[in-house]
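One structure below.
The values are calculated or read from the model by the stated rules, or taken from the named source; none is laboratory data. Not measured: the values here are computed from a predicted model. Cβ atoms come from the backbone with ideal geometry, glycine included; neighbour counts cover every protein chain shown. When the accessible area is computed, the model is the full protein with side chains, heavy atoms only, and any ligands, DNA or RNA have been set aside. Shrake-Rupley method; radii C 1.70, N 1.55, O 1.52, S 1.80 Å.
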Amino acid sequence: MTIINLRYLFYPVTYILSGPPRASGNRQPKDSDKKAMINQIVKFNVKPEHCAAFKAALLKDKKNAEQEAGYVEIRLFTDKNHPTLIFSYERWKDQDALDYHREHPYTVNICRLVDTVLQSPVEVLNLGDTELKADPHAKP
């Protein structure tokens, strides 16, 4: 898992995993990067006094994202033992879809909030290609 500084959160995932862009350039994702499905987990460690407001903002972001063409899935989780840890499991059709999502006011609002409500930097884990399989231990 790569810990990132907030200002890198909204660069393409390839930047997040490889570090900030070099001073020499604004590296653009390769065409093959842009067409691959994006699967990532984003971890937020929220200050206790801001949890409710931050969760509400994430839910609004999720609801609005569901209307976007490149949206595949967003699932939000809270750690049962550490209620200030919030995880967002996100799936996007491709990098263009994720970039498009980042331009919307509800997503920009999340960016503004993380500047003040987090206890530690955002963490992003790029999962690569994933699929959901049935849990063999789940009760019917």
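In order along segment 98-112, the Karplus-derived 3J(HN,Hα) couplings, from 6.51 cos²θ - 1.76 cosθ + 1.60 at θ = phi - 60°, round to 5, 4, 4, 4, 5, 7, 7, x, 5, 7, 4, 4, 4, 4, 5 Hz, and Gly and Pro are given as x. On the basis of the beta-carbon distance and an R0 of 25 Å, ASN126 and ALA53 show a calculated FRET efficiency of 0.35. Take TYR89: with every protein chain present and a 1.4 Å probe, its accessible area is about 50 Å². Within the assembled protein chains, the solvent-accessible surface assigned to HIS50 is about 60 Å², based on a 1.4 Å probe. Multiplying the residue separation of MET37 and GLU68 by 0.36 nm and removing their Cα-Cα distance gives an extension gain of 9.7 nm. The Cα-based radius of gyration of segment 79-128, divided by its Kirkwood radius, gives an Rg/Rh of 0.99. Computed with a 1.4 Å probe over protein heavy atoms only, the accessible surface of segment 35-82 comes to 60 Å² per residue. Which of the lysines could a cross-linker span from LYS80 if the Cα-Cα distance has to be under 25 Å and same-chain partners fewer than 8 positions apart are dropped? Within reach: LYS43, LYS47, LYS55, LYS60, LYS62, LYS63, LYS133, LYS139.
What lysines sit close enough to LYS35 to cross-link, taking a C-alpha to C-alpha distance under 18 Å and skipping anything fewer than 8 places away on the same chain? Qualifying lysines at Cα under 18 Å: LYS93.
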